[in-house]
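Have a look at the structure below, then the notes.
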Ligand code: HXC
C-alpha cells in the first residue's frame, strides 16, 4: 500500500512536517489519507523533540476536499458506520500547535482541515471554499461552524450557499488566514513560523493553545476561569522559573518542557 501522507521530522528544528500526498487527486482526503494524517499527528504529539506541527500539501493543492469518489455511492448508514469524523476529532485533539501551509485548492474538507489547524499561512495562489453545495451536500467537518466563527455570518453564508472560492487575499482580509506569501516561499515561511512557535516553552504553548480554543465553546466566564487555571498551572513548571529568571538576568531562556 502506498502512503498518501509523508512525515518529515527535519523540516526545521522542533518542527514535524506532515505532507498530504495524493497529487493525482489534488490531495483529496480519503479514509486512508485521513488515517495517515491522524497517525502522523499522534507520532508528532508523542515525540518530545517536536514542538510544532506543520501540515501542507503541494503547490497545486492543500486538499480539494473529502474524496468524492469514495463517498458518492455511500448511504447515510454506511457513512455513519465509517465514522470518518472520529479521525477529524483526533486531529482536533492534537496537543501541539499546528500550522497549515496552504497553496492552491483548500476546498470542502480541505478548507475544514486547514481551519482545524491553529494558524494558516497561505500562498498567493491559495483558494479556499466550501463547494459541497455544488455536489448536493453541505460541509460536514466543521465548515459551517469554524468558517462562520472565522469570517462572520455574511461571508460564511455566501461561501457555503454559493460554493464560490475565496482568494488568498480575500481570506486574509476576512481573518481566515494569518498571512499571504509568495508561492515560491510559502513552505519556507510556514516552516519559519512553526520554528518560532517551536522555540517557545512547550507546556505554555500547549496550555495557551487549549485556552484559545476553549473560547470557541464556552461562555466568557468559564473561559476566563479555564485560562486562569492554566496560567496558575504554569507556575508549577521549571520553564516558568527559567523564563522569568532569564528575563531578569537578561539572557536567553533554555526550555526543558518540564
Ligand atoms: C476526489 C478529486 C477531488 C475530490 C479533485 N479530484 N477533487 N477526486 N475527490 N474532492 C480529482 C479529479 O477527479 C481528477 O481526477 C483530479 O483530481 C484532477 O481534478 P480536475 O477536476 O481535473 O482538476 P481541475 O480541472 O483543475 O479542477 C480543480 C477543482 C475540481 C476545481 C478543485 O477538481 C473540483 O471541483 N474538485 C471537487 C471539489 C469539491 O467539491 N470538494 C468538496 C468535496 S465534499 P481524474 O482521475 O478524474 O483525472 C467534502 C465534504 C467534506 O469535502 C465533509 C467532511 C469530511
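Derivation of every value follows stated rules applied to the coordinates shown; laboratory data play no part. Keep in mind it's a predicted model, so treat the numbers as computed, not measured. All Cβ positions, even for glycine, are placed from backbone atoms using ideal geometry, and neighbour counts span all protein chains on display.
If each Cα of the chain is one equal point scatterer, what is log10 of I(q)/I(0) from the Debye formula at q = 0.14 Å⁻¹?
Taking Cα atoms of the chain as identical point scatterers yields -0.97.
So what is the relative contact order for the chain, in percent, with contacts set as C-alpha pairs under 8 Å and at least six apart?
17
Gain in length, residue 31 to residue 184, computed as 0.36 nm per residue apart minus the alpha-carbon separation, to one decimal in nm?
Gain on stretching residue 31 to residue 184: 52.1 nm.
Relative contact order for region 30-134: what percent, with Cα pairs under 8 Å and sequence separation of 6 or more?
32
According to a simple spin-label model (label point 7 Å from Cα along Cα-to-Cβ), what is the distance in nm between residue 95 and residue 43?
1.9
For labels at residue 81 and residue 24 in the simple 7 Å Cα→Cβ model, what's the distance in nm?
2.8
Summing -39500 (n - 2.57) over the DSSP H runs of n ≥ 4 in the chain and dividing by its residue number, what mean residue ellipticity at 222 nm do you reach, to the nearest 500 deg cm²/dmol?
Estimated from H runs of four or more residues: -14000 deg cm²/dmol.
For an R0 of 25 angstrom, estimate the FRET efficiency from the Cβ-Cβ distance between residue 74 and residue 162 and round to the nearest 0.05.
0.45
Looking at the square roots a ≥ b ≥ c of the eigenvalues of the Cα gyration tensor of region 105-178, which shape do they give, rounded for a/c under 1.5, prolate if a/b is larger than b/c, or oblate?
It is rounded, given that a/c, with a ≥ b ≥ c, falls under 1.5.
What is the packing order of peptides 76-82, 182-188, 201-207, taking the mean over residues of other C-beta atoms within 10 Å and listing the highest first?
201-207, 182-188, 76-82
What is region 195-244 by shape, rounded, prolate or oblate, if you read a ≥ b ≥ c off the alpha carbon gyration tensor as root eigenvalues and call it rounded for a/c under 1.5, prolate for a/b larger than b/c, and oblate otherwise?
It is oblate, given that a/c is not under 1.5 and a/b is not larger than b/c.
Before anything else, pin down the relative contact order of region 159-258: Cα pairs under 8 Å, at least 6 apart, normalised by residue count, whole percent.
Dividing the mean separation by the residue count of region 159-258 yields 20 percent.
Peptides 244-257, 149-162: what's the order by average Cβ count within 10 Å, highest mean first?
149-162, 244-257
Rounded to whole Å, give me the distance from the Cα center of region 88-117 to that of region 2-28.
When both Cα centres are located, 13 Å separates them.
Can you give me the distance in nm between label points at residue 60 and residue 252, each placed 7 Å from the Cα along the Cα-to-Cβ direction?
If labels sit at residue 60 and residue 252, their model points lie 4.1 nm apart.
Under the 0.36 nm per residue contour assumption, what length would be gained going from the current alpha-carbon distance of residue 137 and residue 224 to full extension?
So the extension gain works out to 27.6 nm.
Which of 193, 29, 147 has the fewest other C-beta atoms within 10 Å, and how do the rest follow up to the most?
With the sparsest Cβ surroundings first, the list reads 193, 147, 29.
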